[in-house]
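The values are calculated or read from the model by the stated rules, or taken from the named source; none is laboratory data. Note that the structure is a prediction, hence the values are computed from the model and not measured. Note that we place each Cβ from the backbone using ideal geometry, even for glycine, and neighbour counts take in every protein chain shown. Heads up: the accessible areas ignore ligands, DNA and RNA and are worked out on the full protein's heavy atoms, side chains in. Shrake-Rupley method; radii C 1.70, N 1.55, O 1.52, S 1.80 Å.
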Amino acid sequence: MSQYSSSQIKDQLSRRGFLKASMSMAASPAMISAAATSVVTKAAASQHASGPKRTLVGYGSRLSCRPGDQIEFKVSSLGGEGYKADLVQIINGDKLSRYKDRFDLRPVESDFAGEYEGAKQPLNNGSYVEVADAGALDGLGSFTVGAYIFPTFLPEDYSEEIDPNSTYIISPSIGSTIQEQYIIARYDAVSQTGWALLLEPDGCLSFLVAEDGTVAKAKVSESVRDWDFAYAAGVYDAQAELLRVVLQETPLNPGDRFSARRLEAEVPFSGSVPQIGILRVAAANGGSGTGRHAVAAGAFTGRIADPRIVSGTLYGDDLDRMRAPELPGDLSTRAVMDLDFSQGIGSLSTTDLSPSELSAEVVNTPLRAVYGPFADFKSQDWTKDSTPFDAMHFHADDLHDAEWQTAFSYRIPANLPSGCYAARLRQGDFEEYITFFVSPPKGKQTAKLALLISEYNILAYTNMLYGVLAPEAFSGIPANHEDLKFITDNREYVYGFYNTHLDGTSCNYASYLRPVFSSKPGWNAYNFALDTHLIDFLDKEDIAVDILTDELLHREGAALLEGYSCVISGAHQEYVSHAEWDAVSSYLDQGGRMMYLGGNGWFWSVGPHPSAQGAIEYRKNTLWSERVMENGLRGGGFWESDRRLEGLFGVNMSGMTFQACTDFHKNPDAENPRASWIFDGCTEGENFGSYGVDNNQGGACGYEFDKADFNLGTPRHALIVASSNQIPGLIEQTTMGTMALVVSLNPAPEAETFTRADVVFFETPNGGAVFSSSSISWNGSLNEQDRQNDVARITGNVIRRFLDPTPFPPLSGDSLHDVEKQPADWYVAPKSL
């Protein structure tokens, strides 16, 4: 889905188009369906009966909990009616696939169970910088305000036309609601009192002063050019009794500087300028919100750098001196505000260099550590030199913390077993779930087996709309179309890594302090729902398991895993941190045993935001010069940091298709005495796993899958005990090397493809071992015929053997593969084994 007109789509190979594409969610044509022409028709075409209409929305103050922790539940009743609440344990959260009869939520006694009054709580989107105490401006006479701007969304360009030739998916957005975009404002948009430098709905820069709705405004005659820098300034001249506005274009591209414009306008103004209330960059005061912050009125979309206010009037050369990288001495002494966005990266504040030393808070996680107007692109790491990274990229749809009022809270009892839980909210025939995960007390294990719940992946896939935007390409995934329609109709909920901002750039932050539909039982049968199939299997097999989370593993490292005989990484643990990678590597070195029951896992590097509670960050779709996250570590793919999953779990991402799944066949390695026990009791023959959750064709291999490659790091002694059969549908082959990620398409079975899934086993030091099933859909096959199937038998065999402390036998002399690694192997698509 594209928000841009056909003429704009055509510029995607131009410099500005490259910036758009580089900062957006890349996708292949397989993900872009041309069957419909707009978001509305897409949504209508993809609706199926999924259940009652949504009337409640909620989220919790945390996802990962331990006994003694308190979680607060935030609830919005869309119609204002009351509701009932109780606690349930999630055993199986899939009520959409062919196994929906296994949906299993078990009531648990809790002190919050009861009835509650309802109230509607809106989302107040938009990122900005706020100076709550702007008293330094009180009594200010003449002044000049200015900042560099790089607007990336203009209302006049908004469109919901879908371009089938687009190289990336653009999400539906709040774009049609955007009018003014405030750059710097001490302005109350409700009472229409104060002053503001802003872009008007037609894209023209203006400087306004207003009091109780009486507005004076100087406005230039032409629209700003988007996707490039310009300096915007407003002047209040009390002595000359006028307002003046200036737009000086400052293009990054040397070739564009010849056509750079300088636009000016002025109007008489004999009144005084109200100096009241909060001061904001990238928004105005929109009145009371649901929490600590006022609503972000007219939130700006694009980059802003060097917002400054200087006492007195500046014209001509003096105004040009105000936009220097550093304020000259005489102007610096007159500065009332001089915010340097290159300072405070990783925090929720930024630095005021002026004598006022204003306290400036950064709200709703705008993208930081991004280049500004003076970047020379020689530095690609803000931790080495933050000076070039002196801009923030704001979005009118950014949201970190919804700041909803707490409806009720719950302190985790000491005797609550580790598991997946939810506060269940019921209103009429609709049920809402606010999910959270309970781990054992720190330093204690209550089972020998642990399951790593991919908390970060749940956040990454928040409210993903591919089921609406590309229904044919994603037709295999059982989807909650009622919720997809709700998100499409209520676009303030369009956020998460797999949605884009209204300007088409990627959402680089995710957070649990806002509604996360992907964490709820009954959401799409993908990711978390598939892990609950594993939990269901373990429950029926009477195998005790502790639930661990990304948050805990990142914070506590290998110490969290100590004492567990076996740790399982679930169906789709795609987004993890460098600290988690280190922890699992250490665990394996110490004799731990890992089961990787997923595909496309441990693929993208993310990091918890250093200061914003509940937020994680990634940088896979940013410019190359902006790959370093706010935590100071490189984002993007792990292979970009020379970490390859082949060396950890024996496999790595091979490809994906969401139109059908397939089964596996045994390889000769299945007969090797080192691994033959894996297939004990299996009855399906050479081929197994032709069943699962997929709508079109079930199979234990599907959605996204991994393969072994000895030239790329699969341990030389690893056994490939099974591989997938022919994968149906349009396959996206994936190759990672020293170059960027390469995705190529192969229709199957018409064309040969190197894409496949490999089931791999190998031993590790000190009695450890690794088993990789290498497919997201594997767990979705476990409960076929009530676990009487080979996928379940294999999984159970490996779990029980990995829980058995008996050492694995030593390797024989002929156990190693003869591997010839060449430099080209690291960036050329590897040959089929």
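If only one of GLY194, GLY234, GLY213 is on the phi > 0 side of the Ramachandran plot and open to solvent by less than 10 Å² (accessible area, probe 1.4 Å), which one is it? Can you show your working first?
Values: GLY234 fails: on the phi > 0 side of the Ramachandran plot; GLY213 fails: open to solvent by less than 10 Å² (accessible area, probe 1.4 Å).
Matching residue, one of GLY194, GLY234, GLY213: GLY194.
Select, from GLY557, GLY563, GLY599, the only residue that is under 30 Å from SER171 (Cβ atoms) and modelled with pLDDT of 95 or more.
Numbers: GLY557 fails: under 30 Å from SER171 (Cβ atoms); GLY563 fails: under 30 Å from SER171 (Cβ atoms).
Of GLY557, GLY563, GLY599, the one residue that is under 30 Å from SER171 (Cβ atoms) and modelled with pLDDT of 95 or more is GLY599.
Please enumerate the residues belonging to segment 342-385 that are on the phi < 0 side of the Ramachandran plot and polar (S, T, N, Q).
Filtering segment 342-385 for residues on the phi < 0 side of the Ramachandran plot gives 342-343, 345, 347-356, 358-363, 366-368, 370-376, 378-385.
Of everything in segment 342-385, those that are on the phi < 0 side of the Ramachandran plot and polar (S, T, N, Q) turn out to be SER342, GLN343, SER347, SER349, THR350, THR351, SER354, SER356, SER359, SER379, GLN380, THR383.
Being under 26 Å from the mean Cα position of the chain (by Cα) and part of a loop (DSSP other than H, G, I, E, B) is the filter here, so list the residues in segment 81-119 that pass it.
GLY93, ASP94, LYS95, LEU96, SER97
How many of the residues in segment 302-342 are open to solvent by 30 Å² or more (accessible area, probe 1.4 Å) and either touching a His at 6+ places or on another chain (Cβ under 7 Å) or of a type in the set (Val, Ile, Thr) (or both)?
As a first pass, look at segment 302-342 and keep what is open to solvent by 30 Å² or more (accessible area, probe 1.4 Å): 311, 313, 315-318, 320-321, 323, 325-326, 328-330, 332-334.
Retained after the next criterion (residues that are either touching a His at 6+ places or on another chain (Cβ under 7 Å) or of a type in the set (Val, Ile, Thr) (or both)): 313, 333.
Residues flagged as open to solvent by 30 Å² or more (accessible area, probe 1.4 Å) and either touching a His at 6+ places or on another chain (Cβ under 7 Å) or of a type in the set (Val, Ile, Thr) (or both) within segment 302-342 amount to 2.
Given the structure, is GLU551 open to solvent by 30 Å² or more (accessible area, probe 1.4 Å), at pLDDT 95 or above, acidic (Asp, Glu) and closer than 19 Å to GLY443 by Cα? Steps first, please.
Numbers: open to solvent by 30 Å² or more (accessible area, probe 1.4 Å): yes; at pLDDT 95 or above: yes; acidic (Asp, Glu): yes; closer than 19 Å to GLY443 by Cα: yes.
It is true that GLU551 is open to solvent by 30 Å² or more (accessible area, probe 1.4 Å), at pLDDT 95 or above, acidic (Asp, Glu) and closer than 19 Å to GLY443 by Cα.
Would you call VAL224 of a type in the set (A, V, I, L, M), closer than 15 Å to ALA147 by Cα and open to solvent by less than 40 Å² (accessible area, probe 1.4 Å)? So that I can check it myself, show each step before the final result.
On the way: of a type in the set (A, V, I, L, M): yes; closer than 15 Å to ALA147 by Cα: yes; open to solvent by less than 40 Å² (accessible area, probe 1.4 Å): yes.
When the stated conditions are applied, VAL224 passes them.
As an exercise: evaluate ASN490 against (1) open to solvent by less than 10 Å² (accessible area, probe 1.4 Å); (2) free of Cβ contacts under 8 Å to residues at least 12 places away in the same chain and give the number of the one condition it does not meet.
Failed condition: (1).
Restricting the search to segment 494-509, which residues are open to solvent by less than 10 Å² (accessible area, probe 1.4 Å) and either over 27 Å from LEU623 (Cβ atoms) or aromatic (Phe, Trp, Tyr) (or both)?
Residues satisfying the conditions are TYR495, PHE497.
Being part of a loop (DSSP other than H, G, I, E, B) and surrounded by fewer than 17 Cβ atoms within 10 Å (Cβ to Cβ) is the filter; apply it to segment 122-139 and report the residue that is modelled with the lowest pLDDT. Spell out how you get there, then give the answer.
We begin by selecting, within segment 122-139, every residue part of a loop (DSSP other than H, G, I, E, B); these are 122-127, 132-134, 138-139.
Among the residues that remain, those that are also surrounded by fewer than 17 Cβ atoms within 10 Å (Cβ to Cβ) are: 122, 132-133, 138-139.
On the way: PRO122: 98, ALA132: 96, ASP133: 97, ASP138: 97, GLY139: 92.
Top of the filtered list is GLY139.
May I ask you to say which residue of PRO809, PRO805 is at pLDDT 95 or above and open to solvent by 30 Å² or more (accessible area, probe 1.4 Å)?
Details: PRO809 fails: at pLDDT 95 or above.
Exactly one of PRO809, PRO805 is at pLDDT 95 or above and open to solvent by 30 Å² or more (accessible area, probe 1.4 Å), namely PRO805.
Tally the residues that are buried (at least 22 other Cβ atoms within 10 Å of the Cβ) and more than 37 Å from the chain's Cα centre (by Cα), restricting the search to segment 240-299.
Matching residues across segment 240-299 total 4.
Condition first: surrounded by fewer than 17 Cβ atoms within 10 Å (Cβ to Cβ), under 30 Å from ASP539 (Cα atoms) and of a type outside the set (A, V, I, L, M). Now tell me which residues in segment 106-121 satisfy that.
ARG106, PRO107, GLU109, ASP111, PHE112, GLY114
If you take the residues in segment 477-514 that are part of a loop (DSSP other than H, G, I, E, B) and under 23 Å from ILE91 (Cβ atoms), which one is farthest from the chain's Cα centre (by Cα)? Show your work before the answer.
Here is the first cut: in segment 477-514, the residues part of a loop (DSSP other than H, G, I, E, B) are 477-480, 490, 494-499, 501-505, 507-508, 512-514.
If we keep only those that are under 23 Å from ILE91 (Cβ atoms) too, we end up with 477-480, 512.
Numbers: ILE477: 20, PRO478: 21, ALA479: 19, ASN480: 20, TYR512: 11 Å.
Going through the qualifying residues, I end up with PRO478.
Please state which of the following conditions ALA473 fails to meet, knowing it meets all the rest: (1) small (Gly, Ala, Ser); (2) at pLDDT 95 or above; (3) part of a loop (DSSP other than H, G, I, E, B); (4) over 21 Å from GLU72 (Cβ atoms).
(2)
Could you go through segment 273-280 and let me know if any residue there is touching a helix residue (DSSP H, G or I) at 6+ places or on another chain (Cβ under 6 Å) and not in a strand (DSSP E or B). I'd like the intermediate steps shown before the answer.
Let us first name the residues in segment 273-280 that are touching a helix residue (DSSP H, G or I) at 6+ places or on another chain (Cβ under 6 Å), namely 275.
Adding the requirement that they be not in a strand (DSSP E or B) leaves 275.
Yes, that holds for at least one residue.
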